[in-house]
1. For A:Leu24 and A:Thr218, calculate 0.36 nm times their separation in residues minus their Cα-Cα distance, and state this gained length in nm to one decimal.
2. Long-range amide H contacts for C:Val267: which residues qualify at under 5 Å (H placed 1.01 Å from N, peptide plane, sequence gap of 5 or more or a different chain)?
3. Students often get this wrong, so check it: of A:Lys21/C:Lys397; C:Lys247/C:Lys296; C:Lys87/C:Lys349; B:Lys210/C:Lys284; C:Lys342/C:Lys375; C:Lys87/C:Lys300, which have C-alpha atoms separated by over 27 Å?
4. Return the calculated 222 nm mean residue ellipticity for chain C, to the nearest 500 deg cm²/dmol, obtained by summing -39500 (n - 2.57) across DSSP H runs with n ≥ 4 and dividing by the residue count.
5. Give me the summed buried accessible area for the C-A pair, 1.4 Å probe, to the nearest 100 Å².
6. Which shape class applies to the range B:101-287: rounded if a/c is under 1.5, otherwise prolate when a/b exceeds b/c and oblate if not, where a ≥ b ≥ c are the square roots of the Cα gyration tensor eigenvalues?
7. For B:Glu172 and C:Gln445, what does the FRET efficiency come to when R0 = 56 Å and r is the distance between their Cβ atoms, rounded to the nearest 0.05?
8. Gaussian network model of chain A, Cα springs within a sub-10 Å range: biggest mean-square fluctuation belongs to which of A:Gly254, A:Gly116, A:Gly285?
Amino acid sequence: MDKLLTVSMSPHAHGRDTTPKLMLGVVIALLPAWAASVWFFGWGALYVPVLSVLFSVIFEYLIAKYLLKKEPSIRDGSAVVTGLLLAFTLPVNIPVWILAIGTLVAIGVGKMSFGGLGTNPFNPALVGRVFLFISFPVQMTSWPLPKGFATADAVTGATPLGLLKEGMRQGEHVANMVRELPTNYDMFMGHMGGSMGEVAAVALLLGFLYLLWRRIITWHIPVTILTTVFLFSGLMWLINPADNASPVFHLLSGGLMLGAIFMATDYVTSPMTPQGMVWYGVGIGLLTVIIRRWGAYPEGVQFAILIMNAFVPLINMYVKPKRFGEVKKNG
Amino acid sequence: MSDIVLYTVISLTLLGILAAVILYFVAQKFKVVEDPRIDAVEEVLPHANCGGCGYPGCRPFAEACVKADSLDDLFCPVGGNEVMAKVAEILGLEAVEAEPRVAVIRCQGSYEHRPRTSRYEGASTCAIEHALYTGDTDCPYGCLGLGDCVAACDFEALFMDEKTGLPYVIDENCVACGACVEACPRDIIELRKRNKRDRKIFVSCINEEKGGVARQYCKVACIGCSKCFQVCPFDAITMGNNLAFIDSDACKLCRKCVVVCPTDSILEINFPPRKEPKEVKPAAAKKAVPPKQEKAAPAVAAAKETVAVKEKEQEKEKKAENIPAEEKASEKDAGGEDEKKKEAGGSSPEEKKGS
Amino acid sequence: MQKLKTFPKGGVHPPEHKLSAGSPIETLPVSGRVAIPVVQHLGAPAEPVVQRGEEVKVGQLLAKGTGFVSANVHAPVSGKVFRIDKKFDASGYKRTSVIIDINGDDWDPEIDRSTTLRKEITASREEIIEKVQAAGIVGMGGATFPTHVKLNVPRGKKADILIINGVECEPFLTADHRLMLERGEELVVGIRILMKALAVTTAVIGIENNKPDAIDHLTKLTADEPGITVQPLKVKYPQGGEKQLIKAITGREVPSGGLPVDVGAVVHNVGTTLAAYEAVQKNKPLIERIVTVTGKSVAKPSNFLVRIGTPISALIDAAGGLPEDTGKVVLGGPMMGKAVSKLDIPVTKGTSGVLIIPDNEAHRAPVEPCIRCAKCVSVCPMGLEPYLLMDLGVYEKFERAQNERVMDCIECGSCSYICPADRPLLDYIRLDKLRVGEMIRKARQAAK
């Protein structure tokens, strides 16, 4: 025999999943939300994510090649996902230079400073967003109101959560503010002010179904987050409807859907076991409502996820899967 | 306004005092009484934390030294006799002198000498390949070439040779901590007595197969013919399991065995050239210092030559390995100084002769 | 059709590729010189009892098992013992083998070579176990654990169910499938024999749903057999794993570190069951087995009945020769089989198949960083965390690996199979197991 046989340990077969394929799956799942944001916010929503992805990929390539001096691994597609997710959390009228800074922080600080894919403790897109949120509060909170596809000049305004917070700060009853707030149906369909990707709950849910169908993520994290938010805010609403918004409002407003489905489920920064995922989801849900209700910022999802990201190593350490055979001897 | 400032200062001061008192009592209560000699012993240890002494690191070794009644079983291979003497001095004990040792690789199965019979794929560690099969050659004894020993070495004394697929030892850096011996799943690496000028003669094979089979695996395998055993005047060679073994403590470096080995599996390293270069076998010649002129020159000159050649080789190797430039420079400086001293020492007898 | 059962946690579903499912079993003669390894089982090696130059008959004892957990080896061919030497076998190393120059086909007269079905079981319980032990029968699914050990229920424990493993969850392999179709009657008698040996009244044949003809056939055959039922199972790897199969069929979980008999179940492979039939009813030791020769580029994927010791190159030739594009040859299935470096190694008792993988599928993709997708955790049927165990192996934290239950790993390979970053998870888990095993042995010795 002229050719040498290859010898390796079993298994000798491999599944079809690869990192780039999984990342592509996430991008596909984000497409409905992207389409919705283009529908609501116009052309800006088309090119800002593209630019963001471009910046992310370029920064990752440059940092890997010239700072870390290793083979750039942009092929894995994680930079694309980070760029896209970051763009989805920004208002559509964001200046390009701020976008560039945001992607640099997301990729450079959020991911590459820890060694690249797989090693970052915090969700890079959220690191970028929070950095921008704190550094450029004016630009970051002038949310354009959806005026339809054709309108060129968007009118800016507050998000429903911003309205709520502002109203409560002025001591108004939540019940009285309902007139100013969008209806639940409008929020479900995405007809409200907000960042590019977060407005259309229906589009995000479509993406969620796709992710589940492709088995890219499991149901644990999104479902526990949404359930916890619903139950916790619902409890407060039942106790005191005057000071608290309805649980449905909490579910549909702000970045909760985007955060629960796409941000919290980020592979690298979420727990490894189903049991751990449940703990993590409950933590994010509770923190979100707490920050929304009592915190200084109107929106709490981003901080809740980042805080729980910090707990992930601890969860991985102590929450173990149920081992097979870990039972009392039966019989 | 001033009231607020005043209250702040007072309350903070009180808090500070309270905290200090608590800390004082806590420190008293949980005070750990530690033998100060542990720190002293640790101070003289090399701080390599290599585990060569059998303890997890330098501190546990220091603790063991302080606890022990005698230093018989305790030895720091990195620091050697010098450091152990210091430890003994601190503890008022007697140090046991140990022969300095150095690691040698007992396999010559390079790509050239051993035909590859399969391709290994998978986790790049010898331990896993060893668990799977004989490796990409048929020899079940030989080096697997994935460098577990190199990974285990903390002293930059072991490197992989890309050309041969085998590791090689940089004698100057080797402290004989034994980490590589432990790491090698095939027990190829041996710690041998360090002779003058790092000269060494050893059977570079551990194949226990019968001669014919061994030759099939590898051109330079020991075939257990016992020719070296018969020729050795010092009874340093033992035969067992179709394999010759040279006891480094008994070997007097006469090199008779090297010449008679039919498969070139006995290596001589760092020796001056032989008088009749014809006798030098090709494989041995590669490792040995190339022949030079000046036959009539005394041993001193020969030694100088070896040192010079060695230095050059070292430089080449270091360039190849891309060791940080500063370390290289410092090592070289240190080495250079030592050699200068040697040279000075070597030239003095001549002067005496002259006077 | 009964409701499909399966084990609840983990598992993967690789493409099945049962290419040789339609090929009836062919008997393949063997000639020339064969090497019979004396270790073909788990446990203590057998001791050769023949001399160089001795003439042996088919079925004659070649090597005697030493100790209880060991197995006899019999001559699968007749001829002259050329010598006893070390030869490469499936282990990847050379091991002691009895090398025989074949001369004719002269059987031991004690062996009943007729094909008539002997249904009546006259042997007593002890006799059955004795005969199984004498015949050198081992688990033929691949684990090669001596069968008589499993039939000897330890004192104080009681088996109440016998599970017959006809799952064949490995892709490509069809040896058990064909056996169930073609040797069903003998198999059912074999089950009766094992039930008698274990003193149980219930036996369940577990078969995955991708073999509907085997399920139908055995359901018909067992219709009049009280206590024996066929249980169709959902197709999921590694259902053929002993612990997974027990869980799927009975819902009982074998405790960590325990034996199946701790939950009252004993599992035997269909091949083993057939061998037990032949040993008890026909006096025939384990000298031949059914081997699948298959692969995507194999000209004629087949199932062969071959003598132990037949070199796998002969099997490959009979299946149309070694394909041009061969990259890897695996003994067993693609998930748990063992890749070999040469083709002159012999078929042993545990060789269920010879799988030839074309070169374009034989290589591993480059290892990428772990993205912590947790897929390995979700597919692990034992509830372990392969990503963590691999890291512990890389960084040599073997004590912690032991605490993380690495010894529970059944090495099914689901984690390495699913990993999107192509990480060698199972390679390092095996390293963990190796080192932890050494630690446990050392601790035991120290305790003595």
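1. 68.2 nm
2. C:Ile163
3. Working: A:Lys21/C:Lys397 32 Å; C:Lys247/C:Lys296 33 Å; C:Lys87/C:Lys349 16 Å; B:Lys210/C:Lys284 38 Å; C:Lys342/C:Lys375 35 Å; C:Lys87/C:Lys300 29 Å.
Over 27 Å Cα-Cα: A:Lys21/C:Lys397; C:Lys247/C:Lys296; B:Lys210/C:Lys284; C:Lys342/C:Lys375; C:Lys87/C:Lys300.
4. My calculation for chain C gives -8000 deg cm²/dmol from helical runs alone.
5. Between C and A, the summed buried area is about 4500 Å².
6. oblate
7. With R0 = 56 Å, the Cβ-Cβ based efficiency is 0.90.
8. Looking only at A:Gly254, A:Gly116, A:Gly285, the biggest GNM fluctuation is shown by A:Gly116.
The values are calculated or read from the model by the stated rules, or taken from the named source; none is laboratory data. Since the model is a prediction, treat every value here as computed from it, not as a measurement. Note that we place each Cβ from the backbone using ideal geometry, even for glycine, and neighbour counts take in every protein chain shown. The area values use the complete protein model at the heavy-atom level, side chains included, leaving out ligands, DNA and RNA. Shrake-Rupley method; radii C 1.70, N 1.55, O 1.52, S 1.80 Å.
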